[in-house]
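Read through the structure below, which is laid out as structure tokens, and then see the notes.
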Amino acid sequence: MLLNDWIDQVGGPDCAGELLSEKPRTVMSWYRFDRAPSLRTAGRIVSLTAGAVDYNGIYAPWAAVLAERDGVAA
């Protein structure tokens, strides 16, 4: 599952932030691809979701967004 899909599933950035002990504003920055979760936070996400969201679900969309921003076909 993609991180953004999980955020939607749990009720949005406010609820996801509460579950992850993160500010909703931080979660929203991940959601909008303004910044990526740190590796430590990504580990907490994987653990909290019991693997439903894995590292690919967190960082693969980032790779696509960065490639698009750089003008590289993904």
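The values are calculated or read from the model by the stated rules, or taken from the named source; none is laboratory data. Every value quoted in this text rests on a predicted model; they were computed, and no experiment measured them. Methodologically, a virtual Cβ is constructed for each residue, glycine included, from the backbone with ideal geometry; neighbour enumeration extends over all protein chains shown. For the accessible areas, the whole protein counts, side chains as well, though only heavy atoms, and no ligand, DNA or RNA atoms are used. Shrake-Rupley method; radii C 1.70, N 1.55, O 1.52, S 1.80 Å.
Some values worked out for this structure:
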quantity	calculated
Conditions (1) open to solvent by less than 80 Å² (accessible area, probe 1.4 Å); (2) of a type outside the set (A, V, I, L, M, F, W, C); (3) under 18 Å from Y59 (Cα atoms); (4) free of Cβ contacts under 8 Å to residues at least 12 places away in the same chain; number of the one not met by G11	(3)
Condition check for A67: at positive phi, out of contact with any helix residue (DSSP H, G or I) (no Cβ under 9 Å at 6 or more places or on another chain) and either without any contact (Cβ under 8 Å) to a residue 60 or more places away in the chain or open to solvent by less than 20 Å² (accessible area, probe 1.4 Å) (or both)	no
Hits in segment 44-61 (condition: touching a Pro at 6+ places or on another chain (Cβ under 9 Å) and open to solvent by less than 60 Å² (accessible area, probe 1.4 Å))	I45, I58
From the options N4, N56, residue that is in contact (Cβ under 8 Å) with a residue 12 or more places away in the chain, out of contact with any strand residue (DSSP E or B) (no Cβ under 6 Å at 6 or more places or on another chain), on the phi < 0 side of the Ramachandran plot and polar (S, T, N, Q)	N4
